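Working notes, structure below.
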Amino acid sequence: MNRKPHIFSMLAMTLLCVVAFLWAAPFLWMFVASIRPEGFGGLRMASIWPDFSPTLDNFALAFKSANFALYYFNTFLMAAGILLVQMVTIMLAGYAFARLEFPFKNTIFYAFLIQLMLVPPILIVPNLSTLVMLHLNDSLLGVMAPYFASAFGVFLMRQSFKSIPKDFEDAAIIDGCSWYQLIWYVLLPLSRPTLVAFAIVSVVFHWNEFLWPLMVITSPEKQVLTVGLASFTLGAEGASEWGLIAAGTVLVSAPLLIVFVAFQRQFVNSFVSSGIK
Amino acid sequence: MKNILKKPMIATALAMGLLGVVSGAEAQTKIDFYFPAGVQGPVARNMQELVSQFNESQDEIEVVAAYTGNYTQTKTKAQAAIAAGAPPALALMSANLTLELVLDEQIVSIEGLLEAENQDRDTFLSDFWPALHKNAIVNDTLYAIPFQNSTPLLYINAEHFREVGLDPENPPSTWDELLDAAQKLTQRDGDEVTRYGIVLPQSSSYLSWVFQAFVMANGGDFFNADTGAEVYFDSAETTDALTFYRALAYEHNVMPQSITDSKQVSTFFISGKASMMILSTGAMGFVRDNAPFDYQVGFVPGNVRNAVPIGGGSVVIFKGQEPEKLAAAWTFAKWLTDAPQLGFWSRATGYFAPRQSSYEIEEMQEFLAENPDASTAVQQLPYAQPWLATYKTIAVRTALEDELQQVIAGQKTVEEGLADAQAKAEEILQPYVDTLQ
């Protein structure tokens, strides 16, 4: 009686394992390659099977090639700074678009959404000109500034606030809440999954961004991780030191991976309940 | 009260930190220098070392050396900065972009700076390898100073050569010998190739660069190095060169039938899956450190003559800066391109030094004595010629590369592909041709 479902679940399990392995292969390879001795031969280099003589030489070389401590600090400052300001702006703008009535509300909202259609590279020169005018060129604040308002975040918050029944607000207003208390005590706690989901998207995007920081930052002491990684792994004219590339990539992606593994359950829940993929 | 005062102070301090406001002695002229890294390894570190040597040697100028990605990204950043009104003082730019930078009126003439010091261009240039001159001169005026340069080079696996009865001390020097060696070196298991005779880069700018070497070795001209307004992509020499290139993979089966990038090429070679490769002299350091076998280098085989294109980067100085910054940029550029600095850079990266006098320095001679392969690269220099440099070089080069890849992948015939490449390139060049008439 029980046999058939059992076989099916075994099959499903196997299939899932295969898919999970395929998905994880690049990560596994990255870790394996990062501790593989250099000059082990290009063929073995492609193998996902670890060697029996792991080494940290690649990491030592990576640390020698770039100032990682400084890059971590700068990248963290940049990603966290952007997120903090974004949280405030998207919350307020989201509330305005969801609840307040003002002339041309929808037109302004759609104009906001059009921002999502713009490819960031075409804004490089105009944004940079603004930064030069504001004397923010070659500063981390300059890297952050264009992202302080996020059309995507405003859209998410508006949708999230709209899905909250008005009754909650009415009850709060009857109890004497002002508008900011309403946002802080009623709307925000109910929108937490959306905020968390947005935070992940924002941090991952800015952590990994390359072109914009490259354009703004000139001084080496203000450089971020992605550019620092590229400074010793992107050379096209030489050849490939896969071990060094892998070690550098581990260093850059490790913080995000660790955070993700640690808070996996909460992240997945947020994505499920906010509907973002 | 204390608290109220404290908070804004912290905020101000933070803001100053973020804005990068530096107080203190401002007597120094601070200039920005953009540099890309064309080869892997701690190149950025080496450059910082070199620049801090300069900064410590004097008090008037402080150079900030900024790593700016690859050559294309460096160009993008420089152009964005110029458009935004904050040009860098100087940059290390791909040697074949000088013409474009001059046409866009973005760089100053080096010749003008030399004349201001009563120096003569030809005397200044005489120490630089002759092959480098044309990529630095536009409209008979010097606009760039060569800094790091390379040529394609043939790398061979000496152990494989001995195994099949070939002499590794005499690498193939003609196309016939190259094909013959590649056929002997290729190993097959039934229909499957287990070891390729040769592997060549077939993607991005590397493809057109190595292909240019084949065309020139075949006696062809590739482009008009004097005007930068003409290309010869459909000439008989180019057609023959592409036919030979393609036949290596499809007729003779001695080269992989896939689009291989430079990273795959070196991996093929280092792993012993291919016995010969043609890559930049800039890859030599990597091969030296990683090849677990005995290897040799040789000139890129010539069909009717020995000829290779130059690659690499030159120092250019930008327009639109204050006079004291311009003067500082010129002082630094002269120091950076002086023989000892070029020698240091050559030893650190694997590029060759553009000044002939760099090789007379003792450290350099010791280095060549220890690394005879590096001297082969230097011996090939008298045969080097300018790199493809036209109006809108990157667009012209990409037009050719797209067609080359289609031919190599078997989607177009050699004649069709080259005719299309020529037509596309002419279309891109037309506006410039019009201005010349």
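The values are calculated or read from the model by the stated rules, or taken from the named source; none is laboratory data. Everything quoted here is computed from the prediction, not taken from an experiment. Note: ideal-geometry Cβ built from the backbone for every residue, glycine included; neighbour counts use all protein chains shown.
Some points to look at:
- With a requirement of 2 or more residues that are buried (at least 18 other Cβ atoms within 10 Å of the Cβ) and among the charged types (D, E, K, R), the helices (runs of 4 or more DSSP H) lying completely within region B:61-156 that satisfy it span B:71-83.
- All of B:SER262, B:SER204, B:SER258 fail the test of being on the phi > 0 side of the Ramachandran plot and modelled with pLDDT under 90, apart from B:SER204.
- Close pairs from region A:40-67: first away from chain B (no Cβ under 12 Å), partner part of a helix (DSSP H, G or I) and at pLDDT below 75, Cβ under 8 Å, at least 6 apart: A:ASP51/A:ARG44
- So B:THR227, is it more than 24 Å from the chain's Cα centre (by Cα), within 30 Å of B:VAL433 (Cβ to Cβ) and away from chain A (no Cβ under 13 Å): no
- Checked against the criterion of being more than 30 Å from B:GLY312 (Cβ to Cβ) and either at the interface with chain B (Cβ under 7 Å from one of its Cβ atoms) or modelled with pLDDT of 90 or more (or both), the candidates A:PHE263, A:PHE267, A:PHE205 yield just one match: A:PHE205.
- Taking region B:361-418 as the region of interest, the helices (runs of 4 or more DSSP H) fully inside it that hold 1 or more residues being aliphatic (A, V, I, L, M) and at pLDDT 90 or above are B:362-370, B:393-408.
- Against the conditions (1) in a helix (DSSP H, G or I); (2) modelled with pLDDT under 90; (3) away from chain A (no Cβ under 14 Å), B:GLY17 satisfies every one except (3).
- The set of residues in region B:246-263 being under 22 Å from the mean Cα position of the chain (by Cα) and part of a helix (DSSP H, G or I) consists of B:SER262, B:LYS263.
- Residue within region A:132-142 that is of a type in the set (S, T, N, Q), more than 9 Å from chain B (Cβ to nearest Cβ) and either over 27 Å from A:THR75 (Cβ atoms) or touching a residue at least 60 places away in the same chain (Cβ under 8 Å) (or both) present: no
- Those residues of region B:317-330 which are over 24 Å from the mean Cα position of the chain (by Cα) and either surrounded by fewer than 20 Cβ atoms within 10 Å (Cβ to Cβ) or of a type in the set (Phe, Trp, Tyr) (or both), in sequence order: B:GLY320, B:GLU322, B:PRO323, B:GLU324, B:ALA327
- The one condition in (1) touching a helix residue (DSSP H, G or I) at 6+ places or on another chain (Cβ under 7 Å); (2) outside any helix (DSSP H, G or I) that A:ILE90 fails to fulfil: (2)
- Restricted to region B:264-346, the set of strands (runs of 3 or more DSSP E) holding at least 3 residues that are more than 10 Å from chain A (Cβ to nearest Cβ) comprises B:295-298, B:311-317.
- Residues satisfying the stated conditions in region A:208-233, i.e. assigned to a loop (DSSP other than H, G, I, E, B) and either facing chain B (nearest Cβ under 9 Å) or acidic (Asp, Glu) (or both): A:GLU209, A:PHE210, A:ILE217, A:THR218, A:SER219, A:GLN223
- The set of residues from region A:24-56 being at pLDDT 80 or above, touching a helix residue (DSSP H, G or I) at 6+ places or on another chain (Cβ under 7 Å) and not aliphatic (A, V, I, L, M) comprises A:PHE31, A:SER34.
- Among the conditions (1) under 27 Å from A:ILE245 (Cβ atoms); (2) crowded, with 19+ Cβ neighbours inside 10 Å; (3) touching an Asp or Glu at 6+ places or on another chain (Cβ under 8 Å), the only one that B:ASN218 does not satisfy is (1).
- Criterion applied to B:ALA353, B:ALA329 was being touching a Leu at 6+ places or on another chain (Cβ under 6 Å) and more than 25 Å from B:GLY285 (Cα to Cα), and the one residue passing it is B:ALA329.
- Which numbered condition B:GLN73 fails, given (1) farther than 15 Å from A:SER219 by Cα; (2) facing chain A (nearest Cβ under 7 Å); (3) at pLDDT 90 or above: (3)
- Subset of region B:331-370 [hydrophobic (A, V, I, L, M, F, W, C) and under 17 Å from the mean Cα position of the chain (by Cα)]: B:LEU342, B:TRP345, B:ALA348, B:PHE352, B:ALA353
- Those residues of region B:214-226 which are touching a residue at least 24 places away in the same chain (Cβ under 8 Å) and in contact with a helix residue (DSSP H, G or I) (Cβ under 7 Å, 6 or more places away or on another chain), in sequence order: B:PHE214, B:VAL215, B:ASN218, B:GLY219, B:PHE222, B:ALA225
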